[in-house]
């Protein structure tokens with residue numbers, strides 16, 4: 001899934017340069033790193049990218065050796081439920097009954113071997129139980145920026161991977177609730193990775209999202225005809241945006257969670273990136289041309305000219321594409337406010 | 001005097017773009033504002049500019065209607081004593097016995113009528129008493145960035161302007177001393193404006209700076225000959241840098257101070273500029289494209305792209321010529337440290 005349009009990494013992310021196209025914490029764009037992560041254990045032709053129409057060129061630049069027919073374009077973004085539905089229909093044409101792994105394209109994942117083992121186990125489970133499987137991450141802090149999944153009884157899973165039936169999904173909690181989740185011990189972070197057989201998914205659409213299901217069935221009928229593109233556009237214009245979490249996962253009964261022991265972050269803000277990045281002895285993380293004097297625990301990312309910081313601690317400075325963000329680390333989660341203000345002031349070149 | 005090469009306004013000021021060529025607190029460069037301030041009551045041909053060789057083009061752009069023969073170029077900067085000596089020699093050729101007003105070209109002065117009245121009185125005094133006259137400013141705070149002059153007994157001066165004999169000069173004091181000066185009441189800030197008849201000055205050179213005087217006399221002899229430029233270069237290469245304050249004013253006996261009631265600042269740092277600038281209701285002073293959110297008492301000057309500040313107070317941000325300075329207001333006096341570090345790292349394009 002590469003349809004997102006993040007504002008949380010402004011000014012590096014823009015309306016037409018969303019987070020998956022940024023090089024965050026590495027030399028590769030996040031989408032390229034994501035594709036490579038799957039190529040390590042899947043055939044290239046088994047990997048599909050769903051993106052917004054208009055991003056063709058940028059995608060091809062990022063993954064030039066991807067077969068063109070493995071790009072799927074949505075006419076507009078309507079959250080994850082239609083995105084996953086459309087991809088399932090198109091993959092179903094070639095591989096009815098296949099197991100899909102659905103993955104965001106803009107997350108950080110480290111420890112690839114564990115990642116692969118976890119996913120193999122999840123695929124095995126989805127196949128065996130005909131259920132909807134999600135990947136959960138053991139929380140190490142009371143994060144308020146993630147959704148949580150409460151686990152129920154343990155079930156068998158291969159390769160010493162732990163798996164559970166899901167008790168409940170919980171949306172992003174406040175801090176007190178997050179602390180309770182952490183203490184309680186049976187809550188995992190919802191990583192946004194889903195695994196299921198295509199028929200299992202369509203049964204869930206039919207049961208929990210009947211209207212969206214009708215739209216998807218209209219698209220299914222149009223596939224292979226000249227009407228395909230116009231039907232997809234019509235259906236997308238009519239349906240309301242909905243996440244797969246809210247639309248299906250929270251309602252379905254046959255939902256499983258497989259615990260991933262790899263390192264994972266949704267990279268939700270510059271503050272998170274600072275925490276995950278390498279720092280010098282003053283606690284500063286610096287990329288690009290910069291000098292810091294008498295300054296500690298700062299995150300500086302610079303793509304043009306020189307940045308000089310003097311006598312300041314706990315700062316985020318990002319200079320990219322003609323704009324410079326300067327904020328305190330504790331306010332880094334609120335960068336969207338800047339983008340909102342720029343929209344209000346119609347400063348289109350910076351949005 | 002336009003020979004300075006300030007580092008205190010980095011990144012706007014550079015090795016070849018010193019403070020007098022900046023537009024600080026106004027629409028005009030400081031040097032242009034200075035020339036205009038004198039043109040308001042002096043004939044254009046009576047105004048001379050002493051600058052460093054190599055700054056011809058920049059000067060002509062700033063004051064295009066200045067007679068070319070009124071530019072005086074020093075081969076290198078050796079502080080104010082040789083600068084004022086050279087200018088006096090060259091002006092003496094046309095106007096022996098004239099009274100000179102020596103002025104920095106990079107200060108802020110407001111209330112021009114009072115400025116003019118003060119200078120007329122100072123010229124009158126210099127003429128009458130054959131002394132060396134300086135202009136003093138009533139301190140309104142215990143500034144540690146200025147030199148002070150202690151006044152002695154009052155003497156007659158025209159136009160209700162107050163004038164005194166000088167008791168002592170005091171270099172930039174520490175904070176406790178500056179507080180004592182302020183409380184004591186008979187200390188004025190040394191504005192760097194001097195007024196004297198050319199013969200009075202040369203008597204002082206001869207008495208207090210005999211070596212520099214010999215150099216100046218060599219130059220005097222060469223004026224009007226083909227050797228002029230090479231003699232000036234030779235003399236400048238030999239003499240040690242010296243300020244007129246230290247070399248003459250602090251030692252001479254016939255020194256007077258005229259009190260200026262105009263508004264004056266030597267604009268010594270971004271912090272001073274912030275204090276003198278207009279602010280919005282959040283105490284922010286902003287020039288150029290910028291958005292500030294949840295931020296107070298900041299100084300932002302931007303010459304390219306957009307700057308966004310979020311959740312930060314008491315910040316100085318200056319973006320100019322490919323470099324961005326971000327510092328706390330209280331550290332603004334230490335910007336020179338950045339320039340020193342850039343020199344050490346040989347980042348020549350930013351110096």
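For region A:42-51, indicate whether the set of residues that are over 22 Å from residue A:133 (Cα atoms) and crowded, with 18+ Cβ neighbours inside 10 Å is non-empty. Scanning region A:42-51, I find at least one residue that is over 22 Å from residue A:133 (Cα atoms) and crowded, with 18+ Cβ neighbours inside 10 Å, so the answer is yes. Scoring residue B:313 on the criteria (1) in contact with a strand residue (DSSP E or B) (Cβ under 7 Å, 6 or more places away or on another chain); (2) surrounded by fewer than 21 Cβ atoms within 10 Å (Cβ to Cβ); (3) within 30 Å of residue A:351 (Cβ to Cβ) leaves a single failure, condition (1).
Within region B:322-339, the set of residues being in contact (Cβ under 8 Å) with a residue 60 or more places away in the chain and under 24 Å from the mean Cα position of the chain (by Cα) comprises B:325, B:332, B:333, B:335, B:336, B:338, B:339.
Name the residues in region B:17-41 that are in a loop (DSSP other than H, G, I, E, B) and either buried (at least 21 other Cβ atoms within 10 Å of the Cβ) or touching a helix residue (DSSP H, G or I) at 6+ places or on another chain (Cβ under 8 Å) (or both), would you? Steps first, please.
Looking only at region B:17-41, we keep the residues that are in a loop (DSSP other than H, G, I, E, B), and these are B:18, B:22-29, B:40-41.
Listed by number, the residues that qualify are B:18, B:22, B:23, B:24, B:25, B:26, B:28, B:29, B:40, B:41.
Residue A:56 meets the conditions (1) within 25 Å of residue A:348 (Cβ to Cβ); (2) surrounded by 14 or more Cβ atoms within 10 Å (Cβ to Cβ) in every case but one. The failed one is (2). Taking the conditions (1) more than 30 Å from residue B:337 (Cβ to Cβ); (2) surrounded by 14 or more Cβ atoms within 10 Å (Cβ to Cβ) in turn, residue B:6 satisfies each one other than (1).
Checked against the criterion of being crowded, with 18+ Cβ neighbours inside 10 Å and modelled with pLDDT under 95, the candidates B:133, B:161, B:102, B:123 yield just one match: B:161.
For the structure I just gave you, tell me whether residue B:168 is part of a strand (DSSP E or B), within 22 Å of the chain's Cα centre (by Cα) and more than 27 Å from residue B:271 (Cα to Cα).
Taking the combined requirement at face value, the residue satisfies it.
Condition first: under 20 Å from residue A:80 (Cβ atoms) and either part of a strand (DSSP E or B) or without any contact (Cβ under 8 Å) to a residue 60 or more places away in the chain (or both). Now tell me which residues in region A:116-153 satisfy that.
A:132, A:133, A:134, A:135, A:136, A:137, A:148, A:149
Could you list, in sequence order, all residues of region A:302-350 that are part of a helix (DSSP H, G or I), within 8 Å of chain B (Cβ to nearest Cβ) and under 20 Å from residue B:304 (Cβ atoms)? Of everything in region A:302-350, those that are part of a helix (DSSP H, G or I), within 8 Å of chain B (Cβ to nearest Cβ) and under 20 Å from residue B:304 (Cβ atoms) turn out to be A:338, A:341, A:342, A:350. Among the residues of region B:268-319, those that are in contact (Cβ under 8 Å) with a residue 40 or more places away in the chain and over 14 Å from residue B:332 (Cα atoms) comprise B:276, B:277, B:303, B:319. Only one entry in A:168, A:177 is more than 23 Å from residue A:116 (Cα to Cα), in contact with a strand residue (DSSP E or B) (Cβ under 6 Å, 6 or more places away or on another chain) and surrounded by fewer than 20 Cβ atoms within 10 Å (Cβ to Cβ), namely A:168. In summary, helices (runs of 4 or more DSSP H) completely within region B:203-293 and bearing 3 or more residues that are exposed (fewer than 14 other Cβ atoms within 10 Å of the Cβ) occur at B:210-222, B:228-238. Here residue B:110 passes the criteria (1) crowded, with 18+ Cβ neighbours inside 10 Å; (2) at pLDDT below 95 except the one numbered (1). Taking (1) more than 14 Å from every other protein chain (Cβ to nearest Cβ); (2) under 16 Å from residue A:312 (Cβ atoms) in turn, residue B:283 satisfies each apart from (2).
Looking only at region A:98-115, decide whether some residue is part of a helix (DSSP H, G or I) and closer than 24 Å to residue A:185 by Cα. Yes: region A:98-115 contains one or more residues that are part of a helix (DSSP H, G or I) and closer than 24 Å to residue A:185 by Cα.
The values are calculated or read from the model by the stated rules, or taken from the named source; none is laboratory data. Note that the structure is predicted; figures quoted are calculated from it, not measured. Here the Cβ is made from the backbone with ideal geometry for all residues, glycine too, and neighbour counts use every protein chain on show.
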